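Here the structure is laid out as structure tokens; the discussion comes afterwards.
The values are calculated or read from the model by the stated rules, or taken from the named source; none is laboratory data. These numbers were taken from a predicted model, which means no experiment stands behind them. Please note: Cβ atoms are built from the backbone with ideal geometry, for glycine as well, and neighbour counts cover all protein chains shown. We work out accessible area using only protein heavy atoms, side chains counted, and drop any ligands, DNA or RNA first. Shrake-Rupley method; radii C 1.70, N 1.55, O 1.52, S 1.80 Å.
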Amino acid sequence: SFWRYYLLSRVSTLVLPGRMGEFTIAYFLKKQNISFGEGIAAVVADKLTTIFWSVVFGITALAILFGAALDISGTIVSLFLLTASGVLILLKPSRKFIRKFILRKYASSFSGFSTTLFSYVRQNKKALFLNTLITLFRTIIIAFSAKFMFLSLGADISLLTLIFIGGIETLSTFLPVTINGLGIKQGIGVYLFGLLGIPAEIVATRYIIGLLVQYSFGLLTLLFVRNKE
């Protein structure tokens, strides 16, 4: 059941702004008696892990492309943002403020959110560790996929470079501006790979191939789920 819910949430990311589609899995998990707040907390915990490593890889990429000065400033800004976010989430007054003035009448729908989110640090460190390993493994697999696509187009880019730039690409997809981050990720990629001497037409072709694969996978997923149901 979880595999089916996960596939449907992945399809949702193809038609919703940013990575908001991934949160739809919380809706499907309600069928397994998991509250909406608990489901959202699990997704947030997963996304925080992804964001953390994307920041690490992204800062490394910027340092390589633009120099150590940007590396230091980027590290400071990133640590500040992560610390500020942690303070806002962890402080009890801020949670009360969110419930009272932001969520208001919908606050009951998010019951169990904070308890579940904090449980990963307090009680479920093993799950958090495994999530980190899977996130890093997934990052490497995506980089290998990109490398093969670039090789087919006559461009040989090191795996580490693809991992580092992939961090910036991942961060860009979290901006809820366009559907699935279309245009933003690709524009950033064309610019960054251009600094490495990769022609824009090769980078653009690689992204087009990737999009065709993504949306073909989405269509096959819908057909698979429909057949199972």
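Residues Leu62, Leu70: which one is among the aliphatic types (A, V, I, L, M), open to solvent by less than 60 Å² (accessible area, probe 1.4 Å), assigned to a helix (DSSP H, G or I) and at pLDDT below 80? Spell out how you get there, then give the answer.
Numbers: Leu70 fails: open to solvent by less than 60 Å² (accessible area, probe 1.4 Å).
None of the other options fit; the residue is Leu62.
Can you name the residue in the range 1-20 that is closer than 14 Å to Tyr215 by Cα and in a helix (DSSP H, G or I) and is also most open to solvent (accessible area, probe 1.4 Å) among such residues? Per the criteria, the residue is Arg10.
In the range 21-59, which residue that is among the hydrophobic types (A, V, I, L, M, F, W, C) and open to solvent by 40 Å² or more (accessible area, probe 1.4 Å) is nearest to the chain's Cα centre (by Cα)?
We begin by selecting, within the range 21-59, every residue among the hydrophobic types (A, V, I, L, M, F, W, C); these are 23, 25-26, 28-29, 34, 36, 40-45, 48, 51-53, 55-57, 59.
From the residues that got through so far, the ones that are open to solvent by 40 Å² or more (accessible area, probe 1.4 Å) too are 23, 34, 36, 48, 51-53, 56.
Details: Phe23: 11, Ile34: 22, Phe36: 20, Leu48: 8, Ile51: 6, Phe52: 10, Trp53: 10, Val56: 14 Å.
Restricting to residues being among the hydrophobic types (A, V, I, L, M, F, W, C) and open to solvent by 40 Å² or more (accessible area, probe 1.4 Å), the top hit is Ile51.
Residues of the range 176-202 being of a type in the set (Phe, Trp, Tyr) and open to solvent by 60 Å² or more (accessible area, probe 1.4 Å), which ones? If you could, list the steps in order and put the result at the bottom.
Within the range 176-202, the first condition is being of a type in the set (Phe, Trp, Tyr), and the residues that meet it are 191, 193.
Result: Tyr191, single match.
Might you check whether a residue that is over 22 Å from Lys228 (Cα atoms), of a type outside the set (Ser, Thr, Tyr) and free of Cβ contacts under 8 Å to residues at least 24 places away in the same chain occurs anywhere in the range 1-9? The answer is no; no qualifying residue exists.
Scoring Lys185 on the criteria (1) under 18 Å from Leu48 (Cβ atoms); (2) part of a helix (DSSP H, G or I); (3) at pLDDT below 90; (4) not hydrophobic (A, V, I, L, M, F, W, C) leaves a single failure, condition (1).
Apart from one condition, Ser172 fits all of (1) assigned to a loop (DSSP other than H, G, I, E, B); (2) open to solvent by less than 30 Å² (accessible area, probe 1.4 Å); the exception is (1). For first residues located in the range 125-139 and under 7 Å from Thr49 (Cβ atoms) and open to solvent by less than 50 Å² (accessible area, probe 1.4 Å), partners that are in a helix (DSSP H, G or I) and modelled with pLDDT under 90 and lie 6+ apart or on another chain with Cβ distances below 7 Å form the pairs Asn131/Asp46; Asn131/Thr49; Thr132/Thr49; Thr135/Thr49; Thr135/Thr50; Thr135/Trp53. Please indicate, with yes or no, whether at least one residue in the range 207-229 is on the phi < 0 side of the Ramachandran plot, of a type outside the set (Asp, Glu), touching a Lys or Arg at 6+ places or on another chain (Cβ under 7 Å) and in a loop (DSSP other than H, G, I, E, B). Looking through the range 207-229, none of the residues is on the phi < 0 side of the Ramachandran plot, of a type outside the set (Asp, Glu), touching a Lys or Arg at 6+ places or on another chain (Cβ under 7 Å) and in a loop (DSSP other than H, G, I, E, B). Among the residues of the range 141-158, just one is among the β-branched types (Val, Ile, Thr), surrounded by 14 or more Cβ atoms within 10 Å (Cβ to Cβ) and in a helix (DSSP H, G or I), namely Ile142.
Listed by first and then second residue, the pairs with beta-carbon distance under 7 Å, at least 6 apart or on different chains, first residue in the range 166-186 and on the phi > 0 side of the Ramachandran plot, second at pLDDT below 85 and open to solvent by 40 Å² or more (accessible area, probe 1.4 Å), are Gly181/Leu175.
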